[in-house]
Every structure is written in C-alpha cells, then in structure tokens.
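Colleague: Before we start, here is the structure in question, set down as structure tokens.
The values are calculated or read from the model by the stated rules, or taken from the named source; none is laboratory data. Keep in mind it's a predicted model, so treat the numbers as computed, not measured. Cβ sites come from the backbone with ideal geometry, for glycine too, and all protein chains shown count toward neighbours. Just the protein is used for accessible areas: all its heavy atoms, side chains included, with ligands, DNA and RNA removed. Shrake-Rupley method; radii C 1.70, N 1.55, O 1.52, S 1.80 Å.
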Amino acid sequence: MKSPLLTLPGAVPAEGVDEGVAAHYGDLFREQRALADGTGFVDLSHRGVVAVTGDDRLSWLHLLLTQHVSELPTGEATEALILSAHGHIEHALYLVDDGTTVWAHVEPGTQEALIAYLESMKFFYRVEVADRTADFAVVHLPAGSIAEVPEGVVVRETAYGRDLFLPRADLESYAEKAGPPAGILAHEALRVEQHRPRLGFETDHRTIPHELGWIGTAVHLQKGCYRGQETVARVQNLGKPPRRLVFLHLDGSEVHLPTPGTEIRLADEDPDGRKIGFITTSVRHHELGPVALALVKRNVPVDARLVAGDTAAAQEAVVQP
C-alpha cells in the first residue's frame, strides 16, 4: 500500500519489506536527531492493522499468544508472539485494547496469514477478527513528543514513543501539523540502537524467543496454554538457546555496510574460518556511526573480536550467553 506522504518534499521511497513508505526525506541524520529529540513523526502506514472485537477477545487471545493478556488493562500497550508447535517465532503483534477492540499492528504483508490462523482458532468463542489495514495507518511519534493526538485515535504508548492507529483518510492532514517527517531508515537506526528485534529481520525459520531477548517483553513465563509453550519452558528451565542477539560496532572506515545475511567469523581465524553468525540489520547511526544487530552462536566469547564479511566488528551482548 503506497503512502500519500511519498509526495512530500525530498521523499525517497523505501525498498524491500518497507516498500510503500519513505526511506528518508533527504537528510537521514537530521531525521534521526529529530526523533531522538522527541520531534517529528514516522509514517508506518505500510504496516498491517488487525482488530479483534467481541466479549471473549482478551481471554481468547490469551490462549493463543505468548503474552498474558486475559486481564490487559484498557489503554496499556504490550507485545506478543505466535509460535509454531516447535516454539519458532511466526508472528509478532504490537497490541493495545481500547475497551471494546484489541488493535494490533504487524509486519507489512503478514496480516493475511495471521488472520487466517486466528480465524482457524475461533471455535465457539465470541470474537471477530478483521483486517483494518485499508482503513487505518500506523504513525509513530517518538518518546518525548508533544505532538497532538486527534481525539478518538487509538494510541499504543511505550517507552520508545507512541503508535497511533490513525484513520487512513486523515494521514495527509495529520502530517501537515505533526512536525517534520522522518523516514523508516531513521526509525530503524533508533531501533537498532535500542537493541529491539524485528520479525523477518532478526528472525529466520528457526528463531526462538530466548535468542532475541523477547522473554519478558513479549513472552510471559508464568502462563501456559499456547502453541510452542513447551519449547519456551524447556529452554528456560533446562538449557540455553543455540544463538544469541548481539549489537555490533562496525569499522567506520568501510564505505559500505555489511548487508543482512553477511557471515560473521572470529577475527583471529583465517578468512576461510568457520561461520559463527550473521548480520540481521545494519544501519548508520547519527552518533554511533555504522552499527548492526546480529545473531551469533551462544558460545562465542563476549569479548571476541569479530569480522562481518570484510568489516571488523566489536560486540555488545544483548542476550547473555
């Protein structure tokens, strides 16, 4: 779904999964600094929007999600996952309940598969699931923003800012008064700085929540009765995940960033040494320079010097070994 805000001055379209919104508006670092200072907004209108209504919506979702939501207070933001039977991450949902409806935004293009799964699990519960992507656009206001939120708009308020479920017809008029726009690349740079994983970026077909630090934020360890719970409990109680998320400071002298999927090896081994991980997201940060998130084998020493492709990298542990 192509955003009308791509007509704003300087807008350069994003590519890949984020196609449909602006990558930037002509000055990536200025846009990052604005978000870090609590000004401006990010157009996330390409993200999927799913709504669940009905008297049983919270108790029903509680049975399906990794998060404890049966008593979710009205207006309180949370995030949750849907796992496979083997505990691998399939969906990530960013939720809020407004008193009558649970609203969730999800990765672009994933809402159809998510809704198909939810529909298959309705049984006798009093719930209705709807794709509202065509009607509502997600807009992100950074932490500290004093931008006005239109009356009646559903808001997810988190430590990282506010996500607005804005009527799509109001997107252009809201952008005129919400401050300077920032592109998805600025939003991604701050996400990487904050060590926050993203479905489809930090995940692959075998990722489990422990590897990314989603335990606690998206997985509630004191509840069961959801698909994949056995794997979560087994790893939590009896073992360690096979991989762990790390934050990398990359050699700033390199012109090009290592792309997602770039193999990581130990710097002390020869260039044909064994692969011990791979880049998941790489960005240029306005203060930190080139940085990245990566998945590495759990037993890689936290002080080991790494190389991503041809680029030297120093790691910070996000998930402890």
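Colleague: So for the pair Asp56, Asp272, with labels modelled 7 Å out along Cα→Cβ, what separation do we get in nm?
Modeller: 6.1
Colleague: For the range 269-321, give the magnitude of the charge dipole about the Cα centre (Cβ charges: +1 Lys/Arg, -1 Asp/Glu; no others), in debye to the nearest 20. Each step should come with its number before you reach the end.
Modeller: Working: 6 positive and 7 negative charges, 46 e Å.
Its charge dipole is roughly 220 debye.
Colleague: Measure off 7 Å from each Cα along the Cα-to-Cβ vector at Arg298 and Glu76, then give the distance between these two points in nanometres to one decimal.
Modeller: 3.1
Colleague: Could you give each residue of the range 93-106 its phi-based ³J(HN,Hα) in whole Hz, using Karplus coefficients 6.51, -1.76, 1.60 with θ = phi - 60°, and x for Gly or Pro?
Modeller: 10, 10, 10, 7, 10, 9, x, 10, 9, 8, 9, 9, 10, 9
Colleague: Let me ask something else about it. Tell me, rounded to the nearest percent, the portion of alpha carbon pairs in the chain spaced more than 30 Å apart.
Modeller: Summing the P(r) of the chain above 30 Å gives 37 percent of all pairs.
Colleague: Please identify which residues in the range 134-159 have an amide N closer than 20 Å to a label point set 7 Å out from the Cα of Gln194, following the Cα→Cβ vector.
Modeller: Only 137-150, 154-159 pass the distance filter.
Colleague: If you place +1 on the Cβ of every Lys and Arg and -1 on the Cβ of every Asp and Glu, how big does the dipole about the Cα centre of the chain come out, in debye to the nearest 20? List each step's numbers first, then the result.
Modeller: Values: 29 positive and 45 negative charges, 183 e Å.
I would put it at about 880 debye.
Colleague: For an R0 of 22 angstrom, estimate the FRET efficiency from the Cβ-Cβ distance between Val12 and Tyr160 and round to the nearest 0.05. All intermediate terms of the calculation are to be shown ahead of the outcome.
Modeller: Working: r = 24 Å, r/R0 = 1.09.
Between Val12 and Tyr160 the formula returns 0.35.
Colleague: Considering amide H positions built from the backbone, and no H for Pro or chain starts, which residues 5 or more places from Thr158, or on another chain, come under 5 Å of its amide H?
Modeller: Excluding prolines and chain starts, which carry no amide H, the hits are Asp163.
Colleague: Please give the per residue accessible area of the chain, computed with a probe of 1.4 Å over protein heavy atoms only, in Å².
Modeller: Values: 14470 Å² over 321 residues.
Ligands and nucleic acids excluded, the figure is 45 Å² per residue.
Colleague: Note the full-extension length gain between Ala85 and Ala113 as 0.36 nm times their separation in residues minus their Cα-Cα distance, in nm to one decimal.
Modeller: Fully extending the segment from Ala85 to Ala113 adds 8.5 nm.
Colleague: How big, on average over all directions, is the shadow cast by the Cα convex hull of the range 197-321, in nm²? Before the final figure, lay out the partial values.
Modeller: On the way: hull surface 33.6 nm².
In nm², the orientation-averaged hull projection of the range 197-321 is 8.4.
Colleague: Within the chain, what whole-number % of the accessible surface is contributed by carbon and sulfur, with the 1.4 Å probe and all protein chains included in the calculation? Could the numbers behind the result be given before it?
Modeller: Working: 7360 of 14470 Å².
The C+S portion of the solvent-accessible surface of the chain is 51 percent.
Colleague: Can you tell me, using C-alpha contacts under 8 Å and at least 6 residues apart, the relative contact order of the range 74-171 as a whole percent? Each step should come with its number before you reach the end.
Modeller: Details: 133 pairs, mean separation 21.7, N = 98.
Here the relative contact order equals 22 percent.
Colleague: Take the cross-link list Lys122/Lys223; Lys2/Lys177; Lys2/Lys122 and give me the ones stretching past 28 Å between alpha-carbons. Don't jump to the answer; show the numbers that get you there.
Modeller: Details: Lys122/Lys223 20 Å; Lys2/Lys177 21 Å; Lys2/Lys122 32 Å.
With Cα atoms farther than 28 Å apart: Lys2/Lys122.
Colleague: Any idea of Leu166's accessible area? Nearest 10 Å², probe 1.4 Å.
Modeller: Number for this one is 0 Å².
Colleague: Spin-label point model (7 Å from Cα, Cβ direction): what's the Arg305 to Asp251 distance in nm?
Modeller: Here the modelled spin labels are 1.0 nm apart.
Colleague: At a Förster radius of 25 Å, what calculated FRET efficiency corresponds to the Cβ-Cβ distance of Ala169 and Glu128, to the nearest 0.05?
Modeller: On the way: r = 23 Å, r/R0 = 0.91.
Taking R0 as 25 Å, the efficiency between Ala169 and Glu128 is 0.65.
Colleague: Could you compute the FRET efficiency for Asp37 and Cys225, with r as their C-beta to C-beta distance and R0 at 25 Å, rounded to 0.05?
Modeller: Working: r = 43 Å, r/R0 = 1.74.
With R0 = 25 Å, the Cβ-Cβ based efficiency is 0.05.
Colleague: Can you give the Rg and Dmax of the range 257-298 based on its C-alpha atoms, in angstrom?
Modeller: Final numbers for Rg and Dmax: 11.4, 33 Å.
Colleague: Right, something else. All other residues with a Cβ under 12 Å from the Cβ of Phe201 taken together, and with Lys, Arg as +1 and Asp, Glu as -1, what is their net charge? Working shown, then result.
Modeller: Values: positive: Arg191, Arg196, Arg198; negative: Asp18, Glu107, Glu188, Glu202, Asp204.
Net of charged neighbours comes to -2.
Colleague: Here's another thing I want to ask about it. First select every other residue whose beta carbon is under 15 angstrom from the beta carbon of Ala134; then total the charges, Lys and Arg +1, Asp and Glu -1. Please list the in-between numbers first.
Modeller: Working: positive: Lys2, Arg47, Arg132, Arg168; negative: Glu112, Asp131, Asp135, Asp170.
Computed value for this residue: 0.
Colleague: Further, regarding this structure: How do Glu19, Glu211, Glu172, Glu254 stack up against each other in accessible area, from largest to smallest, with a 1.4 angstrom probe?
Modeller: On the way: Glu19 125, Glu211 0, Glu172 100, Glu254 70 Å².
Sorted descending by solvent-accessible area, the residues read Glu19, Glu172, Glu254, Glu211.
Colleague: Continuing with this model, one more query. Per residue of the range 234-239, what does 6.51 cos²θ - 1.76 cosθ + 1.60 with θ = phi - 60° give for ³J(HN,Hα)? Whole Hz please, x for Gly and Pro, Karplus curve as stated.
Modeller: Using θ = phi - 60°, the values come out as 5, 5, 5, 9, 10, x Hz.
Colleague: Local charge sum around Ala182 (other residues, Cβ-Cβ under 9 Å, Lys/Arg +1, Asp/Glu -1)? Can you show the working numbers first?
Modeller: Details: positive: Arg30; negative: Glu31, Asp43.
Net of charged neighbours comes to -1.
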